[in-house]
Amino acid sequence: MLSPLREHLRDTFWFAPSAALALVCVLWLLANWVDTAVVDELQRQEEYGAIQDLMGVVDDLKTVVTTVSSAMMTFIGVVFSISLVAVQMASGQFTPRVVRIFVRSRITKLTFAVFLATFALSLLVLTSYSGEPDPKLVSSVPFVQSVLTIVLVALSLLLFIAYVNTTLRLMRVGHVVDRITAEAFRVLHKMPHGAPADRPLGAQSGQIGHSGRAGVLRDVNIARLVRAARRQGVVLRLIPRIGDFVVPGTPVLAVHGGGAPSRGALGYTVSVGVERTFHQDVGFGLRQLSDIALRALSPAVNDPTTAVQCLDRIVQLLAALAARPLGTVGHRDHHGEVRLLQPVPSWENLVDLGFAEIRTYAVGSPQVTRRLVAALDELLRLTPDERRAPLLRHRALLVHAVERAVPEAAERDFALEGDRQGIG
C-alpha cells in the first residue's frame, strides 16, 4: 500500500529537504541537551579547568561555524543554478521527459537536503554560543553541536563531489538511456503476471466515473481496489490504461456481478497527475527512448548514433517482453478469486511504440535503417510465432519506405543490410 505514496514522493523535490530540516532540528536539540548535561556534570564535579578547555575549543570552532553559516547558502545557490542550466540543456538535447530523472535522482535530493541541513544547523549552533567567560556561570558550551556542524560540512563536500559526477553522467546520452532502461525493467519486474478470470465475467452492472481533476492516469491502488471488490462480491475492470488522459466523468472502473462499491471504499484508489510516471506504466520507458531517438533524427540535431543507442535499448526491452503475457492481467484476493482486471499494452502496441515513429523518420539515415533491420531480425528470432506479425509488418514497411526514398539500387541494398552497430 505504501508503494504509490513512495513513488509520488520520489517524483517531488520538497520531501527530502523538508525531512532533513526537521531531522537536523531534532539533532540540534539532542546535541544541545548533551552539551548542557556535560557542563552541568563538570560544574558539579568542580572541573572548571576542563570547562575552560572546552570553551577554548569552542571559540576556535566558532570561526568555522560562522564561515559556514555565511557561505553555505551562497554555495547552494550557485551549485543549483548551474544544475538548472544543465537540466535545461539535457531536456533540449534529449527530451523534456528526462527532467524527471534529475528530479527523482536520490543523490540530487540528498545533496540538497544535507546542504540545507548544514546551513540550518550552523544558524542554530550560533544561537547556542554564550558570552559568559566564567566557567562557573556558563550554562552550556556547544562543543557537540560545533563538532556535528563540522561533520555535516565534511559530508556536504563528499556529496558535492558525488553530485557533480552524477550530474555530468546524466548529461551523457548513454547514461540517460541506461537509466531509462533500468527504470523500465523495474516496472517490468513488478508487472503482475496474473491471468484474466478463469470463468467469464458477469454482466456489467455499472460504471464508476472519474471525479477528480483532469490529468494522466498515473497509477491505481491495486490492493484497495481488490479489497473493495471482495467486500462487495464483484469484479472491477479498469477501463483506461495507465498513461491515458482522463477528465471528470470519464468511466474509470466497470463493475461486473453486483452492486458498485461506495465512493468511500474507492477513495484514494486512482492517482491522476500532470505527466506519466514509471510506477505502473509499462510503455513509458519505450515512449522516452522513442522520443530521444526522434529528437536525434530531426534535421536540427541530426545525430543518428544516438538513435542507434536508443534502438539498442528498445530491442533489449522488447526481447524481455516477447514471452510475457500481455493485454489484460487479473489481480486476485487472498482466496484466489480475480477481483480486478487491469489492461496493459499488447505486444502489438509495444512494438508499434518502439518502432513506428523511428521507422518513419529513419529513411534518410542508412545507419539507423541498418540498425532497424538488425533489430527486427533479432526480435523475429526471439519471439514466438504468434507474435511475429507486427515485426514482419514493420520490416516490410521499412523496406518499402527505403525503396521509395532511395533510387539507387546499391544504396538501397546498403541501407537495408542488417548491422547491429548501424554502420560499424
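Observations on the model:
- Formal net charge of residues neighbouring Gly258 (Cβ-Cβ distance under 14 Å; K, R +1; D, E -1): +3
- Coil-residue GluC sites (Glu not before Pro) of region 31-108, DSSP, other Cβ within 10 Å capped at 11: Glu46
- The C-alpha atoms of the chain define a longest principal axis, and helix 366-382 lies at about 80 degrees to it.
- The chain: angle of helix 389-405 to the longest principal axis, Cα-based, in degrees nearest 10: 80
- Per-residue HN-Hα couplings for region 336-347 [Karplus 6.51, -1.76, 1.60; θ = phi - 60°; Hz; x = Gly/Pro]: x, 8, 5, 10, 9, 10, 10, x, 10, x, 7, 4
- Structure-derived P(r) over Cα pairs in 20 Å bins from 0, in percent: which label, when the choices are [x] 21, 38, 28, 12, 2; [y] 26, 52, 20, 2; [z] 23, 52, 21, 3, 0: [x]
- Extending 7 Å from the Cα toward the beta-carbon at both Glu348 and Val34 defines two label points whose distance is 6.6 nm.
- Over the chain, dividing the summed -39,500 (n - 2.57) contributions of all DSSP H runs of at least 4 residues by the number of residues returns a 222 nm mean residue ellipticity of -20500 deg cm²/dmol.
- Here region 253-353 exposes an accessible surface that is 50 percent carbon and sulfur, computed with a 1.4 Å probe and the other protein chains kept in place.
- FRET efficiency estimate (nearest 0.05) - Cβ-Cβ, Ala319 to Ala203, R0 56 angstrom: 0.90
- Anisotropy class of region 308-407 from Cα gyration tensor, a/c 1.5 cut: prolate
- Full extension of the segment from Ala214 to Val64, taken as 0.36 nm per residue of separation minus the current Cα-Cα distance, would add 48.8 nm.
- Full-stretch length increase - Val99, Lys136 - with 0.36 nm per residue and alpha-carbon distance subtracted: 7.6 nm
- Summarising the amide proton neighbourhood of Val252: residues at separation of 5 or more, or on other chains, whose placed amide H is nearer than 5 Å comprise Ile208, Gly209, His210.
- Proximal lysines to Lys62, defined as alpha-carbon separation beneath 26 angstrom and excluding residues fewer than eight positions away on the same chain: Lys136
- Folded to 0 to 90 degrees: helix 284-297 orientation relative to the chain principal axis, Cα: 80
- Projecting the Cα positions of Gly202, Met191, Val373 onto the charge dipole of the chain (unit charges on Cβ atoms of Lys, Arg, Asp and Glu, taken about the Cα centre) puts Gly202 furthest along the positive direction.
- Of Pro133, Pro240, Pro251, the residue with the greatest mean-square motion in the GNM of the chain, using alpha carbon springs below 10 Å, is Pro133.
- Around the amide H of Asp244, modelled in the peptide plane, lie the amide H atoms of Leu217, all under 5 Å away and 5 or more residues distant in sequence or on another chain.
- Accessible surface for the chain, divided over its residues, is 48 Å² per residue with a 1.4 Å probe.
- About its Cα centre, the dipole of the chain is roughly 1820 debye, where the only charges are +1 on Lys and Arg Cβ and -1 on Asp and Glu Cβ.
- Area accessible to solvent at Asp385, 1.4 Å probe radius, in Å²: 120
The values are calculated or read from the model by the stated rules, or taken from the named source; none is laboratory data. On a predicted model such as this, the values are computed, not experimentally measured, just so you know. Note that we place each Cβ from the backbone using ideal geometry, even for glycine, and neighbour counts take in every protein chain shown. Areas reflect the complete protein model, heavy atoms only, side chains present, ligands, DNA and RNA absent. Shrake-Rupley method; radii C 1.70, N 1.55, O 1.52, S 1.80 Å.
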